[in-house]
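These notes concern the structure reproduced below.
The values are calculated or read from the model by the stated rules, or taken from the named source; none is laboratory data. Note that the coordinates shown come from a computational prediction; the quantities given were computed from them, not determined experimentally. Cβ placement follows ideal geometry from the backbone for every residue including glycine, while neighbour counts extend to all protein chains displayed. Heavy atoms of the whole protein, side chains included, go into the accessibility calculation; ligands, DNA and RNA do not. Shrake-Rupley method; radii C 1.70, N 1.55, O 1.52, S 1.80 Å.
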Amino acid sequence: MLLASRPTLPALALALTMLSATGAVAQTRDNVQVAGSSTVLPYASIVAEAFGENTDFPTPVVESGGSSAGLARFCEGVGENTIDIANASRAIREGEIAACAANGVTEIIEVRIGYDGIVFASRVDGPDIDAFEPADWYLALAERLPLNGTMLANPNRTWADANPDLPDVEIAAYIPGTKHGTREVFEEQVLLAGCEDVGALQAMLDMGLSEDEAEDACVSVRTDGSAVDIDGDYTETLARIESNPQGVGVFGLSFYENNTSTLKAATMGGVEPTAQTIASGEYPVSRPLFFYVKKAHLGVIPGLKEFTSFFVADPLAGPKGPLANYGLVSDPELAETQAKVENEITLSQEGL
């Protein structure tokens, strides 16, 4: 089962009259091009479709590929043969900013569109896995564990080995690959947090490992088949679970909410993943979502500025807009983001 159909956008044209298209200089390429995060993909696709329907500009081309891959393409340089926007489910890294600058991409506008949560889900007819703690995932997936003063290969083979309260079924975890922004959040907020919770981080420090070495060990994932990196989007993760009834996958909230007939979500830290618990900060595994705009392309690629403003407008990105209906948790500081877009404030101007 793939994503459910996108929400309809009744009367959107009327609501967004203030954002109607204005004239722009024609170029060889007359449409906005976007690539990056698979988590941001459905939101960007909804906005692109609405933009094409409600303005005089062509519908932007939106591709996936992962946050890291999208930012790499974004940083290739300036010009109509490079993309205009990179979607990301994590903030851009200093090394990526440096790579951009080396290729002439010196002015970057960071646009935060809202928040999303990471959901841990299995088949509705799968094992009775309905509650996780970060420690469960660390003990299940760590490549090596500190045992009696030595780093030993992870001996845990079932979820019950990691936590006796979990089912005695073989560990089969489908997690985001390293090019996905979701992987960074998973490592920091789940694996590293679990490593700290069970005292493993301190045990490694006591063994003489440096802090960096210990943290790297905390997030180093086993390669014996119990954990499988998924380099594609969430549809690939879903396909793996559909073929393995005992599998557990890592998904974005919006994807999960559109596949509840197939998937069931576990709580994390006793909290159910919902838009409400993410907005309140109660759910422990959430993250902001972004897209990055190449300022040098504003006023050159037709519709780029208009599309950027359109994306974060209240009728779309606000708490009552279609993106919220699709699972995006609206940003409480959306007005500040709108002002940043309007004034074309770059990362360097923000001191980043």
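Some observations on this one:
- 11 Å cut-off, amide nitrogen to a point 7 angstrom out along Ala335 Cα→Cβ, residues in segment 292-325: none
- The number of Lys pairs in the chain with C-alpha atoms less than 30 Å apart, excluding pairs fewer than 8 positions apart on the same chain, is 15.
- About its Cα centre, the chain has a charge dipole of approximately 920 debye under the convention of +1 per Lys or Arg Cβ and -1 per Asp or Glu Cβ, with nothing else charged.
- Measuring r between the beta carbons of Glu211 and Asp161 and using R0 = 25 Å, the FRET efficiency lands at 0.35.
- Per residue, the solvent-accessible area of segment 160-291 (1.4 Å probe, heavy atoms of protein chains only, all protein chains present) comes to 41 Å².
- Sulfur and carbon atoms: percent of accessible area, the chain [1.4 Å]: 48 percent
- At 0.692 mPa s and 37 °C, Stokes diffusion of segment 115-193 via Kirkwood alpha-carbon radius, µm² per second: 240 µm²/s
- Extension gain from Glu344 to Asp197, taking 0.36 nm per residue of separation minus the Cα-Cα distance: 48.7 nm
- FRET efficiency for the Glu242 to Asp130 pair, using the beta carbon distance and R₀ = 25 Å, is estimated at 0.80.
- The residue among Thr237, Ala265, Phe307 whose Cα reaches farthest toward the positive pole of the charge dipole of the chain, with charges on the beta-carbon of Lys, Arg, Asp and Glu, is Phe307.
- Distance-filtered residues of segment 155-187 - backbone nitrogen under 16 Å, label point 7 angstrom along Arg144 Cα→Cβ: 155-156
- Helical runs (DSSP H, four residues minimum) scored at -39500 (n - 2.57) apiece and divided by the length of the chain put the mean residue ellipticity at 222 nm at -9000 deg cm²/dmol.
- Isotropic mean projected area of the C-alpha convex hull, segment 54-110 (nm²): 4.6 nm²
- The distance from the alpha carbon centre of segment 160-179 to that of segment 202-223 is 20 Å, rounded to a whole number.
- Rolling a 1.4 Å probe across the protein heavy atoms gives segment 35-122 an accessible surface of 32 Å² per residue.
- When the P(r) is computed for segment 201-352, the part past 21 Å accounts for 64% of the Cα-Cα pairs.
- Share of Cα-Cα pairs in segment 160-240 lying beyond 21 Å, as whole percent: 38 percent
- Selection of trypsin sites (Lys or Arg not before Pro), segment 64-97, meeting DSSP coil and at most 14 other Cβ within 10 Å: Arg93
- Between the residues Gly95, Pro60, Phe74, the greatest Cα displacement towards the positive end of the dipole of segment 51-148, with unit charges on the Cβ of Lys, Arg, Asp and Glu, is found for Gly95.
- About its Cα centre, the dipole of segment 28-134 is roughly 240 debye, where the only charges are +1 on Lys and Arg Cβ and -1 on Asp and Glu Cβ.
- Within the set (1) 31, 57, 12, 0; (2) 34, 61, 5; (3) 30, 53, 17, 0, the number that P(r) over Cα pairs in 20 Å bins from 0, in percent takes when calculated for this structure is listed as (3).
- Charge dipole of segment 205-275 (Cα centre as origin; +1 on each Lys and Arg Cβ, -1 on each Asp and Glu Cβ, all else neutral): 540 debye, rounded to the nearest 20.
- Listed residues Pro127, Gly149, Gly114: farthest to the positive end of the dipole of segment 104-158 (Cβ charges): Gly149
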